[in-house]
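Q: I'd like to ask some things about the structure below.
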Amino acid sequence: RVWTVAAVLLVVPALAAPLPYALFDDFNAAQTETFTNFQYALAPPTVVAAGAMVMAALRHRARGDALPWREPAFLCLALSVLVFGIGGVLGLFVDGTDTRTPGHYHGVLGGINLAFMGLFLTFFLPLLGRSVAWTRVIYVQIYLYAFGQALQSLGLFLAGGYGAPRKTAGADQGLEGIGAIAGMALNGIGALIAVIGGILFIWTVGAALLRTLDRES
């Protein structure tokens with residue numbers, strides 16, 4: 001029932017999102033503000049889903065059971081909530097003109113990607129009969145991607161706080177302050193770490209698919 005409520009709270013505002021275009025004849029400030037304010041409708045289903053997961057974890061601990069950190073599904077889900085939460089909090093401070101905005105959505109989308117990494121490793125591949133062993137490389141790729149995305153998100157937010165403009169690159173960025181330079185450096189380092197984790201994930205999934213296909217052929 002909890003997940004049904006969360007789904008309904010997510011779908012209803014999405015269906016209502018075109019209303020600003022019907023209510024206003026011209027694309028104007030009122031229409032833009034109304035459409036933008038629909039973003040706040042994303043908060044209730046997120047809180048419901050996150051609250052349900054937290055309560056489930058607390059009940060698990062109340063029974064005296066340790067949380068299953070060695071399970072890739074749980075690890076991906078927990079880190080997904082963490083990285084998504086970082087992006088969500090940063091989103092409260094964006095204005096759309098600097099790199100705080102991509103810092104926000106890199107965290108949010110990185111969290112979603114982590115959840116899907118867990119789904120692929122523990123649900124989709126076994127569903128296809130192509131499971132992978134829980135070797136060290138599985139945990140390395142999960143942690144690398146999570147840490148890299150979080151670092152990239154925070155770096156972009158730091159640089160944006162010092163005026164680094166979004167959608168620009170190279171000398172056009174006009175980075176002068178030490179804060180902006182340090183933020184973009186963190187962004188680059190985090191991006192590299194996340195890319196390494198992503199490549200390991202693609203290699204893991206691809207190898208599982210190709211190995212099974214070869215055996216079946």
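The values are calculated or read from the model by the stated rules, or taken from the named source; none is laboratory data. As the structure is a prediction and not an experimental result, all values here were calculated from the model. Note that each Cβ is placed from the backbone with ideal geometry, even for glycine, and that neighbours are counted across all protein chains shown. Accessible surface is based on the protein model in full, side chains and every heavy atom, while ligands, DNA and RNA are left aside. Shrake-Rupley method; radii C 1.70, N 1.55, O 1.52, S 1.80 Å.
Q: Spot the failing condition for L156; the list is (1) open to solvent by less than 30 Å² (accessible area, probe 1.4 Å); (2) in contact (Cβ under 8 Å) with a residue 60 or more places away in the chain, and only one is missed.
A: (2)
Q: A follow-up question, please. Which residue pairs have Cβ atoms under 7 Å apart, sit 6 or more places apart or on different chains, and have a first residue in segment 128-148 that is touching a residue at least 60 places away in the same chain (Cβ under 8 Å) and over 11 Å from V195 (Cα atoms) and a second that is small (G, A, S) and buried (at least 18 other Cβ atoms within 10 Å of the Cβ)?
A: Qualifying pairs under 7 Å: R130/A208; V132/A208.
Q: Taking A180, is it open to solvent by less than 20 Å² (accessible area, probe 1.4 Å), within 21 Å of G96 (Cα to Cα) and at pLDDT 85 or above?
A: no
Q: For segment 79-110, which residues satisfy the criterion of being of a type in the set (S, T, N, Q) and under 8 Å from the mean Cα position of the chain (by Cα)?
A: S80
Q: Tally time: how many residues in segment 45-103 are in a helix (DSSP H, G or I) and either farther than 23 Å from G188 by Cα or among the hydrophobic types (A, V, I, L, M, F, W, C) (or both)? Show your work before the answer.
A: First, pick out the residues of segment 45-103 that are in a helix (DSSP H, G or I): 45-62, 72-93, 100-103.
With either farther than 23 Å from G188 by Cα or among the hydrophobic types (A, V, I, L, M, F, W, C) (or both) added as a condition, the list becomes 45-62, 72-79, 81-84, 86, 89-90, 92-93.
Residues meeting the conditions: 35.
Q: Pull up segment 1-42, narrow it to residues that are among the polar types (S, T, N, Q) and open to solvent by 80 Å² or more (accessible area, probe 1.4 Å), then point me to the one that is modelled with the lowest pLDDT. Reasoning before the result, please.
A: Here is the first cut: in segment 1-42, the residues among the polar types (S, T, N, Q) are 4, 28, 31-32, 34, 36-37, 39.
Narrowing the set further to residues that are open to solvent by 80 Å² or more (accessible area, probe 1.4 Å) leaves 4, 39.
Details: T4: 91, Q39: 79.
My answer is Q39.
Q: Follow-up question, since we're still on this one. Hey, can you tell me all the residues within segment 105-118 that are farther than 15 Å from G198 by Cβ, open to solvent by less than 70 Å² (accessible area, probe 1.4 Å) and free of Cβ contacts under 8 Å to residues at least 40 places away in the same chain?
A: Of everything in segment 105-118, just one residue is farther than 15 Å from G198 by Cβ, open to solvent by less than 70 Å² (accessible area, probe 1.4 Å) and free of Cβ contacts under 8 Å to residues at least 40 places away in the same chain, namely V108.
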